[in-house]
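The next block holds one structure in the form of structure tokens; read it before the comments.
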Amino acid sequence: MQGDSGMSSMIRVASVAQAVADATHAEAGLHAVVQTAYDLFDAQTVAVILQDDEGARSHIKLARGLSAGFISGFSRSLSSGVIAEVLHGGTPLRISDAAEAQEVVREIRLEHDFGSAMAVGMTINRRPLGYLHIDHARRGSFEKSHLHTARCLGCLAALALEKVRLQDVVARLSIQDSMTGLSTYSRFYARLSTEIERVLRYEESLAVLLLDITNLNYVEDVYGRAGARELLRHVAGIVRENIRGVDFAARFRTDTFMVCLVKAHEAAARDVAERIITACHTVSAVCPAPGAKEEAAGEIIPLEVVIGASLVPAHGRTASVAIAEAEKALLAARRMGVGSIVIATP
């Protein structure tokens, strides 16, 4: 860096902040951080180094000035030493003259020898993600004031990583029910529509099953939301265990699940429905007893379910019609009582 002229540095950091805000994936934001640090400090090496999920070792996410072979083979312990202090103690590291700090240099050196270096932590909500490494071939290239700019860039790198993590969480929640782990209705509907297109093209058949837990309201009234959640997770597990890998299931409503059985005719649909009903009758859920202490034993609650089903193309040629016909069958099953299975009629 030829001189950290305050205004110029702030303008560059502000442009990085905008790049991070606009980025749709981590690499775009991190690239802006790395390139800006590389230019601002006239650096030999700039690297974004992340810790693994256990926080025990590190790997290089993105870098300038390092060979691809070094990046791919890099792995270093983070259990102790100066980098552990940078990560967990929040203290940035500045080496003005490598010749006077050989022990520290050996610990943080990457691919090339350097004359001076900085390392600043990347942290979100007190959760360490890794650190930003910057080094220069010459001694005395980094002053104390330069740490402020480096720390700003480290914070922006952390924000780029966190932004993408949150985007991944939102995307996952949009396709997966957080309580049961099954698909959401919107994801199920999209997959069902695709499967129906295939069924019609190849003149095959599929089945749509709707499973209703008839005693969920009772469980919630008596045992609270914790009991209802236990029951829902239990039924979701039973559904997963009784369908094939090519089939898929979702949570339709609070007390209703839906299943698509690929390449299934009426006999196969009824067979799966009967297996699920049997499993629900023979396996019960444990719910917290009302007023019981936390350590008290729970009470066994029977799973009361009914199933309605429709077939494609026999009962409809679109996802909306297939689901509507399955709902009609489900309503008929409710009237018949616990354990009933009704297949829609043409």
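The values are calculated or read from the model by the stated rules, or taken from the named source; none is laboratory data. Since the structure is predicted, the reported quantities are computational estimates derived from the model, not experimental observations. Neighbour counts are summed over all protein chains in view; Cβ atoms, including those assigned to glycine, are modelled from backbone coordinates with ideal geometry.
Thr180 meets all of the listed conditions (1) closer than 30 Å to Glu85 by Cβ; (2) touching a residue at least 60 places away in the same chain (Cβ under 8 Å); (3) not basic (Lys, Arg) but one, namely (1). Whether any residue in the stretch 241-252 is of a type in the set (Gly, Ala, Ser) and touching a residue at least 12 places away in the same chain (Cβ under 8 Å) is what I want to check. Checked against the condition, which is being of a type in the set (Gly, Ala, Ser) and touching a residue at least 12 places away in the same chain (Cβ under 8 Å), the stretch 241-252 yields at least one hit.
Residue-wise test of (1) within 19 Å of Leu192 (Cβ to Cβ); (2) assigned by TED's automatic domain parsing to the domain that holds Ile196; (3) modelled with pLDDT of 95 or more; (4) among the charged types (D, E, K, R).
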position: Glu266; (1), (2), (3), (4): yes, yes, yes, yes
position: Cys280; (1), (2), (3), (4): no, yes, no, no
position: Val283; (1), (2), (3), (4): no, yes, no, no
position: Ala333; (1), (2), (3), (4): no, yes, yes, no
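The residues of the stretch 324-346 that are among the aliphatic types (A, V, I, L, M), out of contact with any helix residue (DSSP H, G or I) (no Cβ under 8 Å at 6 or more places or on another chain) and closer than 23 Å to Glu204 by Cβ, listed by number, are Ala324, Ala326, Ala329.
The one condition from (1) in contact (Cβ under 8 Å) with a residue 24 or more places away in the chain; (2) under 21 Å from Arg76 (Cα atoms) that Gln102 does not meet is (1).
Of all residues in the stretch 221-239, none satisfies being at pLDDT below 95, within 19 Å of Ile341 (Cα to Cα) and exposed (fewer than 14 other Cβ atoms within 10 Å of the Cβ).
Taken over the stretch 244-275, the residue count meeting the criterion of being under 24 Å from the mean Cα position of the chain (by Cα) and buried (at least 17 other Cβ atoms within 10 Å of the Cβ) is 9. Considering the stretch 19-52, the residues that are of a type outside the set (Val, Ile, Thr) and at pLDDT below 85 include one that is farthest from the chain's Cα centre (by Cα), namely Ala19. Among the helices (runs of 4 or more DSSP H) confined to the stretch 133-243, the ones with at least 2 residues that are of a type in the set (Gly, Ala, Ser) and touching a strand residue (DSSP E or B) at 6+ places or on another chain (Cβ under 8 Å) are located at 146-175, 216-241.
Looking only at residues in the stretch 79-99 that are out of contact with any Lys or Arg (no Cβ under 9 Å at 6 or more places or on another chain) and assigned to a helix (DSSP H, G or I), the one that is modelled with the lowest pLDDT is Gly89.
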